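Read the structure below first, then the notes.
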Amino acid sequence: MRVLRCIAAVALLLAAAGAVFVYSGVYDVSATDQHLFPTYWTIRATMERSVAVRARRVEVPPLDDVRVRRGVGLYREHCLRCHGAPGVAPEPFALGMTPVPENLAYVAKTWSAAEVYWTVRNGLKMTAMPAWQYRLGDDAMWDVVAFVKQLPSLSPEEYEAMRELGPPERERQPGAGDARRGRQAIQQYACVTCHAIPGVVGSQAPVGPSLARIATRGFIAGVLPNSAENMELWLIAPQDVKPGTAMPDLDMSPHDAKDIAAYLATLN
Amino acid sequence: MAPALRGLIVVLALAGCERLPDREPLTGGDPKHGRSLIREFGCGSCHRISGVPGANASVAPPLEKLKSRVYLAGRFANTPQNLVAWIHDPRAMDSQTAMPAVGVDEQQARDIAAYLYTR
């Protein structure tokens, strides 16, 4: 009994200390305030272990020369600005980030292809690394990995001279919507920066209306009768449905729109 | 909870503790009058509006916390002028909208807007 009371007292004390830490504003979140070394090491090790464990299940396809040449184009379009390349610095904005984006020539030496792929696909929370699985198809992501794995062997001149192959088409998947995937896609299209959405954690700012019980709503955007097809139509091309709407075109794939509509249909 | 019971609680809560100001500063309208106009014009047959018994429908979005909303009707900045104009004649502002003009004059629209901004 005394032991239990002691544990409870310690837990209470820790919770109180945590609350003071949070509400006092003592922690400096500025990007110019560098981490203490133990903090940095802990975060870094947590991240590396998290990636390594999850990448075990990834199967690596052959990373041939075609992939490398398609990958260089994708890399220049999507990765270069933050990560730089042999002989090319990142853009100034990327240098102001904490954590600062990694030099991928070094990452490629120390990380396996599966780990690089997992990171490209899923992104890294609390860093600026986005998840690319809703922006690039699976093949395109492997193309990027194939190129990144070549980085350590490229001189600045060789990188500069590399010719690009066009990217492959984004793959489309037919069939019914997958509500679980839709919920993840909602987060990945940043829907919660404008809408409150039950089941999705985020700022839930009231920029647009709350999507609570959206499945029971009569109209979408006040103009379209609410149905699964109309929801997909609205998500893919809001500006065509209602010209001048504040809802932006998010370049959403039909596949993602179908899954998001399936999730929204569960909110009743 | 049964809807009837919930309704009863809302009514009791209204009778007991709902204090509305005589004038809502942003719109200059009378929120109390606005609330009775909302019932009169049947806004609750499409919108959920807290503090208005029976206003529970889900044809259109709920009007909770309207004051903190950034846009009106997905198109217009949420200003008192825009809200009053929208309630008065939505079709004049957006010919596509499913929201009908229900014959609310401008002063009435101001009072309704005043009530909605207290939510």
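The values are calculated or read from the model by the stated rules, or taken from the named source; none is laboratory data. Bear in mind the structure is a predicted one, so any value in this text is a computation, not a measurement. Every residue, glycine among them, receives a Cβ derived from its backbone with ideal geometry; neighbour counts consider all protein chains shown. The accessibility values were calculated without ligands, DNA or RNA, using every heavy atom of the protein model including side chains. Shrake-Rupley method; radii C 1.70, N 1.55, O 1.52, S 1.80 Å.
Before rounding to the nearest 500, sum -39500 (n - 2.57) across all DSSP H runs of length at least 4 in chain A and divide by the residue total; then give [θ] at 222 nm in deg cm²/dmol. Mind dumping the intermediate values first?
Details: 13 runs with 134 residues, N = 268.
About -15000 deg cm²/dmol.
Once you average over the residues of B:64-72, how many Cβ atoms of partner chains fall within 10 Å of each Cβ? All intermediate terms of the calculation are to be shown ahead of the outcome.
On the way: counts 5, 3, 2, 1, 3, 6, 6, 8, 1.
Taking all residues of B:64-72 together, the mean is 4.
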How many nm is it between the label spots at A:Val200 and A:Ala16, if each spot is 7 Å from the Cα in line with the beta carbon?
4.1 nm
Give me the percent of the accessible area of chain A that comes from carbon and sulfur atoms, probe 1.4 Å, all protein chains in place.
60 percent
Quick one: Karplus J couplings for region A:237-247, per residue in order, coefficients 6.51, -1.76, 1.60, θ = phi - 60°, nearest Hz, x for Gly and Pro?
9, x, 6, 6, 5, 9, x, x, 5, 6, 6
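How big is Rg to Rh over the protein assembly as shown, alpha-carbon atoms, Rh as the Kirkwood inverse-mean-distance radius? Could you put the intermediate results ahead of the total?
Values: Rg = 27.0 Å, Rh = 25.2 Å.
Rounded to two decimals, Rg over Rh is 1.07.
Order of B:53-66, A:111-124, A:241-254 by packing, highest average Cβ count within 10 Å first?
Working: B:53-66: 18.4, A:111-124: 20.1, A:241-254: 15.4.
Most protected by this proxy first, the peptides run A:111-124, B:53-66, A:241-254.
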Alpha carbon convex hull of region A:161-268, volume per residue in cubic angstrom
139 Å³
The simple spin-label model distance between B:Leu26 and A:Ala8, using points 7 Å out along Cα→Cβ, in nm, is 4.6 nm
Enter the mean number of other protein chain beta carbons within 10 Å of the beta carbon of each residue in A:211-217, as an integer.
3
Would you please give the residues with an amide H less than 5 Å from that of A:Gly123, counting only those at least 5 places away or on a separate chain, with H modeled from the backbone geometry?
A:Trp132
Given R₀ = 35 Å, what would the calculated FRET efficiency be for A:Asp249 paired with A:Ala31, taking r from the Cβ atoms and rounding to 0.05?
0.70
Check A:Ile220: other-chain or 5+ apart residues with amide H under 5 Å from its amide H, H built from backbone geometry?
A:Asn226
Any chance you could look up the accessible area of A:Thr266 with a 1.4 Å probe, heavy atoms only, rounded to 10 Å²?
70 Å²
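Hey, got the average number of other protein chain Cβ atoms within 10 angstrom for residues in A:218-230? The partial results should precede the final answer.
Values: counts 6, 7, 2, 7, 12, 8, 2, 1, 2, 0, 0, 0, 0.
Mean partner shielding for this stretch: 4.
If you rank B:Glu24, A:Glu160 by how much accessible surface each has, with a 1.4 Å probe, what is the order from largest down?
Correct descending sequence by accessible area is A:Glu160, B:Glu24.
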Mean Kyte hydropathy of 1.6 or more with a Cα span along the axis of at least 18 Å, helices from DSSP in chain A
A:2-24
Solvent accessible area, Å² - A:Leu104, 1.4 Å probe, full protein context
30 Å²
Calculate, for A:Asp139 and A:Glu91, the FRET efficiency according to 1/(1 + (r/R0)^6) with r their C-beta to C-beta distance and R0 35 Å; round to the nearest 0.05.
0.85
If you count, for each residue, the other Cβ atoms within 10 Å and average over each peptide, how do A:70-79, A:142-151 line up from highest to lowest?
A:142-151, A:70-79
Would you rank A:Tyr27, A:Tyr159 by solvent-accessible area, highest first, keeping every protein chain in place and using a 1.4 Å probe?
A:Tyr27, A:Tyr159
In whole Å, how far is the Cα centre of region A:113-154 from that of region A:174-202?
22 Å
Straight-distance crosslink candidates among lysines, where the alpha carbon sits under 29 Å from A:Lys149 and sequence neighbours closer than 8 are dropped
A:Lys109, A:Lys125
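Calculate the dipole size of the protein assembly as shown relative to its Cα centre from +1 charges on Lys and Arg beta carbons and -1 charges on Asp and Glu beta carbons; express the result in debye to the nearest 20. Please list the in-between numbers first.
Working: 41 positive and 38 negative charges, 307 e Å.
Here the protein assembly as shown has a charge dipole of around 1480 debye.
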With every protein chain kept in place and a 1.4 Å probe, region A:33-133 has an accessible area per residue in Å² of 62 Å²
